[in-house]
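**Student:** First the structure, then my questions, so here it is.
The values are calculated or read from the model by the stated rules, or taken from the named source; none is laboratory data. For clarity, every value in this text was computed on a predicted model and none was experimentally measured. In this analysis, Cβ positions are derived from the backbone assuming ideal geometry, glycine residues included, and neighbour counts consider all displayed protein chains.
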Amino acid sequence: MRKITRFLALLTITIAAACSKAPEAPPAQSGPALWQVQRGAMKGWLFGTIHVLPKGVAWDTPALRQAMAGADRLILEAADLQDEQKTLGLFEKMGRSPGLPPLERRVPEEEKAALDKAMADGGTNSQLLSGYESWAAAMLLSAASQQSLGVSQDDGVEPVLIETFKAAKKPIGGLETVERQFGAFDTLPEAAQSRLLVQTVHEAKGMKALYDRILKAWLKGDMDAIAKEDEVGEQPDPMVEEAVLVARNRDWVKAIEPMKGKPFIAVGAGHLTGRENLIDLLEARGFTVTRVQ
């Protein structure tokens with residue numbers, strides 16, 4: 001299952017610049033998946049995004065533009081993620097610790113050659129990464145592997161959403177903070193961080209093919225295809241999956257529950273498939289979630 005490394009490859013923060021039951025089959029319209037979410041005084045939208053994209057990808061369909069125009073505010077995973085200086089500052093503060101062993105000593109002996117190759121292919125090395133905790137080194141290694149993909153956060157979905165809502169003078173909020181996002185990794189025990197690092201190494205070689213498949217599925221709104229990627233490859237460490245995906249989904253539902261009005265909620269598409277995905281959790285709390293694209 002590639003869920004966690006997909007999180008690192010496609011949802012990793014500004015450092016680089018990217019199983020289960022899927023929601024119902026998409027209707028005839030093409031375009032990234034969009035749902036209407038309704039309960040009581042709240043009637044908003046839920047959009048599954050990709051955070052890094054190549055230049056020139058056309059994804060803002062008429063249905064998406066209509067939803068954005070009808071919304072009264074934008075809700076991102078973490079509104080402060082767009083503050084690059086703050087994000088990088090928090091990453092350095094939380095991701096570094098004194099006296100850490102060299103990175104190659106944090107993986108099993110049989111994984112050292114693969115780690116060396118992944119670092120060389122990504123244009124980095126142990127000296128640069130060993131000052132970081134294993135979770136942060138895994139993020140940086142994943143980010144380095146993205147360099148060959150020709151993608152950028154600047155060309156991703158969120159900057160377009162932010163510009164659109166700012167131009168309309170509509171407020172922008174978040175379901176969590178960047179500190180909470182990094183904290184999901186930072187609080188993992190070292191053994192789990194080490195397993196995350198090893199899995200990142202294993203997936204680095206096939207990252208371009210993985211990204212291309214997910215981008216193609218995302219543009220068609222094919223959530224079944226995205227979910228099936230989680231069934232391929234290694235099973236994630238249960239502790240990592242719980243902290244990085246499931247627990248955050250539960251927290252997001254708590255943040256969404258008191259909302260009223262017409263929010264446009266945009267989160268990574270990986271949070272909308274799999275165990276305790278955001279759609280299932282919202283429906284369990286009495287929300288009606290209807291696929292509209």
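**Student:** So A266 clears everything in (1) in contact with a Cys (Cβ under 7 Å, 6 or more places away or on another chain); (2) small (G, A, S); (3) at pLDDT 95 or above except one condition, right? Which one?
**Tutor:** (1)
**Student:** Within the group A225, A192, which residue is within 30 Å of E110 (Cα to Cα) and in contact with a helix residue (DSSP H, G or I) (Cβ under 7 Å, 6 or more places away or on another chain)?
**Tutor:** Working: A225 fails: within 30 Å of E110 (Cα to Cα).
Going through A225, A192 in turn, the sole match is A192.
**Student:** Can I ask one more? So which residues in the stretch 220-247 are buried (at least 17 other Cβ atoms within 10 Å of the Cβ) and either modelled with pLDDT of 95 or more or not in a helix (DSSP H, G or I) (or both)?
**Tutor:** G221, D222, D230, G233, P236, D237 - these are the residues of the stretch 220-247 that are buried (at least 17 other Cβ atoms within 10 Å of the Cβ) and either modelled with pLDDT of 95 or more or not in a helix (DSSP H, G or I) (or both).
**Student:** Anything in the stretch 144-180 that is among the acidic types (D, E), surrounded by fewer than 18 Cβ atoms within 10 Å (Cβ to Cβ) and closer than 19 Å to L90 by Cβ? List them, or say none.
**Tutor:** Hit for the stretch 144-180 is E179, nothing else.
**Student:** A further question on this structure: For S20, only one of the following conditions fails: (1) modelled with pLDDT of 50 or more; (2) in contact with a helix residue (DSSP H, G or I) (Cβ under 7 Å, 6 or more places away or on another chain); (3) surrounded by fewer than 19 Cβ atoms within 10 Å (Cβ to Cβ). What is its number?
**Tutor:** Tallying (1) modelled with pLDDT of 50 or more; (2) in contact with a helix residue (DSSP H, G or I) (Cβ under 7 Å, 6 or more places away or on another chain); (3) surrounded by fewer than 19 Cβ atoms within 10 Å (Cβ to Cβ), S20 fails exactly one: (1).
**Student:** So which residues in the stretch 181-216 are crowded, with 21+ Cβ neighbours inside 10 Å and touching a strand residue (DSSP E or B) at 6+ places or on another chain (Cβ under 8 Å)?
**Tutor:** Scanning the stretch 181-216 gives no hits.
**Student:** Oh, and also: Look through the stretch 40-90, keep the residues that are of a type in the set (K, R) and not in a helix (DSSP H, G or I), and return whichever of them is farthest from T273 (Cα to Cα).
**Tutor:** So the first thing to find is which residues in the stretch 40-90 are of a type in the set (K, R), and the list is 43, 55, 65, 73, 86.
When the remaining residues are screened for being not in a helix (DSSP H, G or I), the result is 43, 55, 73.
On the way: K43: 22, K55: 26, R73: 24 Å.
Within the stretch 40-90, the match that is farthest from T273 (Cα to Cα) is K55.
**Student:** State all residues of the stretch 70-129 that are among the small types (G, A, S), under 30 Å from G174 (Cβ atoms) and at pLDDT 90 or above; if no residue qualifies, say none.
**Tutor:** G70, A71, A78, G89, G95, S97, listed by residue number.
**Student:** Answer yes or no: is there a residue in the stretch 129-138 that is of a type in the set (D, E, K, R) and part of a helix (DSSP H, G or I).
**Tutor:** Start the filter on the stretch 129-138 by keeping residues that are of a type in the set (D, E, K, R), which leaves 133.
Now restrict to residues that are part of a helix (DSSP H, G or I): none.
So far as the stretch 129-138 goes, no, none of its residues is of a type in the set (D, E, K, R) and part of a helix (DSSP H, G or I).
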